[in-house]
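Engineer: Once you've had a glance at the structure underneath, I'll fire off some questions.
The values are calculated or read from the model by the stated rules, or taken from the named source; none is laboratory data. Treat the numbers as computed from the prediction; the structure is a model and nothing was measured. No Cβ is skipped: glycine too gets one built from the backbone with ideal geometry, and neighbour counts run over all protein chains shown. Areas reflect the complete protein model, heavy atoms only, side chains present, ligands, DNA and RNA absent. Shrake-Rupley method; radii C 1.70, N 1.55, O 1.52, S 1.80 Å.
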Amino acid sequence: MIDQHGVIVLVNPAAEAMFGYRREELIGQPLSILIPARFLPRHDDLVTAYLHCPTGRSPGQQRGIIGQRRDGSEFPAEVGLSPLHNSDGLQVLATITDMSARMAAQAQIEQSLREKTALLNEVHHRVKNNLQVISSLLNLQTRHASAETRRVMAESQNHVKAMALIHQLLYERGDFSRVHIGVYLQRLLILLHHSMNPDGQQVQLTHRGLDTPVFLDLQRAIPCGLLVNELVTNALKHAFPDGRSGNIEVVLSGSANHQAELQINDDGIGIPDHIQPGAVPTLGFQLLPMLVEQLKGQWELQRKPEGGTRISLRFTGSSHEESADDAR
């Protein structure tokens, strides 16, 4: 405890043990005896200002300081202040907590976190590289293959690239708990347009709303990317036969409570009424219901009266807190 002049008037055994002084050595001394010399000008100003207008500080308002022991060693501390008014005038009870052990533990945790972050970074980088190797091997296999085999191999490459792109984004951004779906889809659509849009086919692949802040954890970002891959690829293959021109548009929108909707629209010839995704033997349509389930969403197929198709995917995005929990 100090008086209104900043002089120590009371010391308990814990303070003796913390600072290495005997009680009688501290009583009557200025509080500055416990502060390193380089901090004294700033400390004296703070003490003077506080004694002029004393207020209590709750545990959440404690100020961090550097204490100095009798042997000259220093340690980090927090101090809480409680002003008391009695017959001797203003006195201030200072409760000091040695933070050395806590800060050492925090430093160890931070170091461990840096190591784990570096490890995750390397894992995603290696996974991405391995997937690129698989894509390259598939490409090599197509050099002397038939046209139909090359087409199938190209579709398989796109599946691999869609998964590799997720790991590339995680590696680039350093946020391993979630993926910005708009950024991911924008880059995925560029890959699809270059690999699947045949020469001479005037199909425009556009997008809207990809800057919408919709995030997904890794477990659901991959099926979301594969869904868009399947739907856009299917539209490029079948919606515009005989070299006809047209448009494919991917639209992302978000609403309250992290609800999101993803639409894939085309103005092609449309899907015949007898074809239902999930009930036909083609791989893409068989995958659609399964991928939607993995996304934990719902989907809807609309055949537009003026021609063309709209497939809507509705799902719940991930908040930062939810994604962090999934990562743990």
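Engineer: Each label point is 7 Å from the Cα along the Cα-to-Cβ direction; what then is the distance between the points at S146 and K116, in nm?
Structural biologist: Placing both labels 7 Å beyond Cα along the Cβ direction yields 5.2 nm.
Engineer: Separate question: Each residue of the range 38-51 in turn: what ³J(HN,Hα) in whole Hz from Karplus with 6.51, -1.76, 1.60 and θ = phi - 60°, glycine and Pro shown as x?
Structural biologist: 3J(HN,Hα) across the range 38-51, in whole Hz: 5, 9, 4, x, 5, 5, 4, 5, 5, 5, 4, 5, 5, 5.
Engineer: What list of ³J(HN,Hα) couplings, whole Hz, do you get for the range 75-87 from phi and the Karplus terms 6.51, -1.76, 1.60, once you set θ to phi - 60° and write x for glycine and proline?
Structural biologist: With coefficients 6.51, -1.76 and 1.60, one gets 8, x, 8, 10, 10, x, 10, 9, x, 10, 10, 9, 5 Hz.
Engineer: While we're here: Percent relative contact order of the range 153-262, based on C-alpha pairs within less than 8 angstrom and at least six residues apart?
Structural biologist: Values: 134 pairs, mean separation 36.1, N = 110.
After rounding, I find 33 percent.
Engineer: Given axes a ≥ b ≥ c from the Cα gyration tensor, I'd like to know whether the range 133-236 is rounded (a/c under 1.5), prolate (a/b larger than b/c) or oblate. It would help to have the intermediate numbers written out before the result.
Structural biologist: Numbers: a/c = 2.57, a/b = 1.49, b/c = 1.72.
Since a/c reaches 1.5 but b/c is at least a/b, the shape of the range 133-236 is classed as oblate.
Engineer: For H180, H258, write out the residues from largest to smallest accessible area, computed with a 1.4 angstrom probe and no ligands counted.
Structural biologist: Output order, biggest surface exposure first: H258, H180.
Engineer: So, for the range 108-214, what is the accessible surface per residue at a probe of 1.4 Å, expressed in square angstrom? Intermediate results must be reported in sequence, preceding the final value.
Structural biologist: Numbers: 6400 Å² over 107 residues.
Here the per-residue accessible area is 60 Å².
Engineer: Just tell me which aspartates and glutamates come within less than 14 Å, Cα to Cα, of K237; anything on the same chain fewer than 8 places away is out.
Structural biologist: E148, E155, D199, D266, D267
Engineer: If you project the alpha carbons of the range 88-138 onto their three principal axes, what span does each projection cover, largest first, in Å?
Structural biologist: If we take the Cα atoms of the range 88-138, the spans are 88, 18, 5 Å.
Engineer: Determine the share of the chain's accessible area contributed by carbon and sulfur atoms, expressed in whole percent, with a 1.4 angstrom probe.
Structural biologist: Whole-percent figure for carbon plus sulfur exposure: 53.
Engineer: How would you classify the range 75-212 from its alpha-carbon gyration tensor, with a ≥ b ≥ c the square roots of the eigenvalues: rounded for a/c under 1.5, else prolate if a/b is greater than b/c, otherwise oblate? Don't skip to the end; give the middle numbers.
Structural biologist: On the way: a/c = 9.50, a/b = 2.97, b/c = 3.20.
The shape class here is oblate.
Engineer: Follow-up question, since we're still on this one. Kirkwood Rh over alpha-carbon pairs of the chain, then Stokes-Einstein at 4 °C and 1.567 mPa s: what D in µm² s⁻¹, rounded to an integer? Mind dumping the intermediate values first?
Structural biologist: Values: Rh = 25.2 Å.
Taking Rh from Cα pairs, D becomes 51 µm²/s.
Engineer: Just the Cα atoms of the range 1-128: what Rg and Dmax do they give in Å?
Structural biologist: Answer for the range 1-128, Rg first and Dmax second: 19.8, 74 Å.
Engineer: To continue, here is another question. Could you order the peptides 82-95, 216-229, 160-173 from most to least packed, using the average number of other C-beta atoms within 10 Å per residue?
Structural biologist: Working: 82-95: 12.9, 216-229: 22.5, 160-173: 19.9.
Descending mean neighbour count gives 216-229, 160-173, 82-95.
Engineer: What do you reckon, how do K116, K237 stack up by accessible area (1.4 Å probe), largest on top? Write down the numbers at each step before the final one.
Structural biologist: Working: K116 130, K237 75 Å².
Reading off the accessible areas and sorting them downward yields K116, K237.
Engineer: Cα-based Rg of the range 206-246 per 2.2 N^0.38 Å, rounded to two decimals? Before the final figure, lay out each step's value.
Structural biologist: Details: Rg = 13.6 Å, N = 41, 2.2 N^0.38 = 9.0 Å.
For the range 206-246, the normalised Cα radius of gyration is 1.51.
Engineer: Using modelled backbone amide H atoms (1.01 Å from N, in-plane), which distant-in-sequence or interchain residues come within less than 5 Å of L84's amide H?
Structural biologist: For L84, whose amide H was placed from the backbone, the distant partners under 5 Å are Q91, V92, L93.
Engineer: Next up: So what are the ³J(HN,Hα) numbers for the range 244-255, from phi and the Karplus equation (6.51, -1.76, 1.60; θ = phi - 60°), rounded to whole Hz, Gly and Pro as x?
Structural biologist: Per residue, the Karplus-derived 3J(HN,Hα) values read 6, 8, x, 9, 10, 10, 10, 10, 10, 9, x, 9 Hz.
Engineer: Follow-up question, since we're still on this one. Show L262, L287 ordered by accessible area, largest first, where the area counts protein heavy atoms only and the probe is 1.4 Å.
Structural biologist: On the way: L262 0, L287 40 Å².
Final ranking, largest accessible area leading: L287, L262.
Engineer: Over the chain, what is the mean sequence separation of C-alpha contacts under 8 Å (at least six apart), divided by residue count, expressed as relative contact order in percent? Walk me through the numbers before you get to the answer.
Structural biologist: Values: 496 pairs, mean separation 36.3, N = 328.
Averaging sequence separation for qualifying contacts and normalising by length gives 11 percent for the chain.
Engineer: I've got another one for you. On the Cα set of the range 1-51, report Rg and Dmax in Å, please.
Structural biologist: 11.1, 29
Engineer: Same structure, new question: Please find, in a Gaussian network model of the chain (springs between Cα atoms separated by less than 10 Å), the residue of Q204, Q298, Q141 whose mean-square fluctuation is greatest.
Structural biologist: With Cα springs under 10 Å in the chain, the top fluctuation among Q204, Q298, Q141 is at Q141.
Engineer: Which value, in debye to the nearest 20, describes the size of the charge dipole of the chain about its Cα centre when Lys and Arg Cβ atoms bear +1, Asp and Glu Cβ atoms bear -1, and nothing else is charged?
Structural biologist: Numbers: 30 positive and 35 negative charges, 145 e Å.
Dipole magnitude for the chain comes out near 700 debye.
Engineer: Using the heavy atoms of the protein chains alone and a 1.4 angstrom probe, what is the accessible area of the range 1-95 per residue in square angstrom? Don't jump to the answer; show the numbers that get you there.
Structural biologist: Numbers: 5590 Å² over 95 residues.
I get 59 Å² per residue for the range 1-95.
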